[in-house]
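These notes concern the structure reproduced below.
No value in this document is a laboratory result; all are computed from the given coordinates. Given the structure is predicted, the values throughout are model-derived calculations rather than measurements. Neighbour counts run over all protein chains shown; Cβ positions are idealised from the backbone, glycine included.
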Amino acid sequence: MKYALLFVSVCLMLCTACVRTNTVTKVILNLKAGLNEKVYIEKIAFNSEKQVIIDSATVTDNHHSLILHVPTNEERLYRMRFTNSNMRILFVNDVKKLTITASWFNNKYAVSGSPVTARLQEHDEQQLQIAADIRQEWEKEKTTDRGNNSNELPDYLKNKLTNQAKQQMNYADTVNDPVLFMSAYNSLDFGNDHTKLKKFILRASKRFPNYQPVQVLKKEVLNFLSIYENQFKVNDQLPELTLTDTSGKGFSTASLKGRYYLINFWSTYCSECFVFNDAVKRLRQKVPPEKIEIVSVAIDDQKELWESIIKKNNYNWIQLIDQQMWSGRAVNVLKVDSIPSNFFVSPDGTIIGKNIPAKDLIQVVTNKLK
C-alpha cells in the first residue's frame, strides 16, 4: 500500500510538471546585475485592462540564469523591469522557451528564440529612428532664420511625418500577428476620419476573429465612435476632467473655475505635438499663470518616457497623463479624437477657442485676455 501511494504521488508530480511545461513560456534570463536586484515581468495592458505582475525573481549571483515563466494560453506582450535600473525589455510569448541576455550596468540586452519579438524590435527601432530624425531636423530648422520666424513645421518635414504615418497605418493594417497589431494600433491617428477608423477596425476584427483583445478593441472603438456624434464646440460648456499629474496625485480642471485656461492634448510618439508644445512654452513665457493657466494632457501609456520628456524640455506647467489612451477618461469625457488638439476655456467654463494652430496660439490667447 505504501509503495502504491508513493507511485501515485510521483505520477501526480510528473503530471503537474507536464501541465506547467505545456501552459507556460520559460524565460531564461542571463543577467549581470547587483546582488539582490529584483526582476519583474508585467503583462502589458491592452484596451482597458490593468497591468499585472506575472512573475518575479531575485538576483543572488551573476553566474547562474534566472528562470521565470509567463502563460502561453494567449499570445501577449510582456515587459521585464528591474528595481534599480531604467532598462525595460519587451518580449512576446510566442514560443515555449526564450532567452534574454542583459546587463544591468550598461542597459544593453538581447532577446533570442522569439520570432515575433524580433519583428517587434525591428519595427519599433525603425519607427523610433524616423521620429528621432524628424525631431533632430526640426531642432536644426529652429536655429535658422526661417525656423525662428515660424512656429510651423516646414513642408518637407510635414511630408516626412505624413509618410511615416502612412507606413505605420499600412503596417498595422496588414501585419499578420495580433500582438504586433495591438502594439502598433496605439500609435495610429485617424484624425476626424471616423469612417476610416471604423472600416480599419472591422478589417482587423475579421483578420483576428479569435483574438480576444482585438475583439474587445473593436467594441471599444465602436463605442468611441458613438461618443463623437456630438463633439464639443465653441460656446459649449467644457466638462471637468480629473487625471494624474507628475507627482502621482489627481488634478481636476474643476479647480480652475473662475480662471482662463488652455488645455491641450499630446503624446510622446506624436512628432507634431512637440511643435504645439513649443508654442505653449512660448505662451507660458509671455503670459504669466495669473492670467491663464495651462494644462497639458498626454494620451500615452509610456509614463516614464513622458516624465523624462517633461523634464528635458522644461514643460513647467500642469502636466497630466491618461495611460488608458484612446479608451481613457480624456477621450470619453472631453471627446478628444485626435492629437495635437486643444480647448481655450473662459472663467465660467465656456469654450472660447478650439484646436488653435501653434502659429496663432499666442495671438489668439492674448487677444482674448485683453
>> To make sure I understand the rule: partners must be aspartates and glutamates, Cα under 15 Å from the Cα of Lys370, and not fewer than 8 residues away in the same chain. Which ones qualify?
In response: Glu290
> If you count, for each residue, the other Cβ atoms within 10 Å and average over each peptide, how do 164-170, 262-268, 291-297 line up from highest to lowest?
Replying inline: 262-268, 291-297, 164-170
> How much net charge surrounds Asp193 when only other residues with a Cβ under 10 Å from its Cβ are counted (Lys, Arg +1; Asp, Glu -1)?
Replying inline: +1
> Any idea what angle helix 212-227 forms with the longest principal axis of the chain, computed on alpha-carbon atoms, 0 to 90 degrees, nearest 10?
Replying inline: 20
> In this model, which of Lys97/Lys218; Lys166/Lys206; Lys158/Lys218; Lys233/Lys257 are farther than 26 Å apart at the alpha-carbon?
Replying inline: Lys97/Lys218; Lys158/Lys218
>> I want the antiparallel fraction of DSSP beta bridges within the chain, as a percent rounded to 5.
In response: 70
> By how many degrees, 0 to 90 and rounded to 10, does the Cα axis of helix 155-174 deviate from the longest principal axis of the chain?
Replying inline: 40
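Would you mind ranking Trp326, Trp138 so that the residue whose beta carbon has the fewest other beta carbons within 10 Å leads the list?
Trp138, Trp326
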> Cα axis of helix 2-23 to longest principal axis of the chain: angle in degrees, 0 to 90, nearest 10?
Replying inline: 30
>> How charged is the neighbourhood of Ala57? Take every other residue with its Cβ under 14 Å from the Cβ of Ala57, and add Lys/Arg as +1 and Asp/Glu as -1.
In response: -1
>> Under 5 Å between amide hydrogens, which residues at least 5 positions from Thr25 or on another chain qualify, with H placed 1.01 Å from N in the peptide plane?
In response: Val70, Thr72
> Compactness ratio of the range 247-318: Cα Rg over 2.2 N^0.38 Å, N = residue count?
Replying inline: 1.11
>> Classify the chain from the C-alpha gyration tensor, please: rounded if a/c falls under 1.5, else prolate or oblate depending on whether a/b exceeds b/c.
In response: prolate
> Taking only C-alpha pairs under 8 Å that are 6+ residues apart, what is the relative contact order of the range 242-369 in percent?
Replying inline: 34
>> I need the shape label for the range 279-354. Rule: rounded when a/c is under 1.5, else prolate if a/b > b/c, else oblate, with a, b, c from the alpha carbon gyration tensor.
In response: oblate
>> Can you give the local net charge around Arg329? Use residues other than it whose beta-carbon is closer than 13 angstrom to its beta-carbon, Lys and Arg +1, Asp and Glu -1.
In response: -1
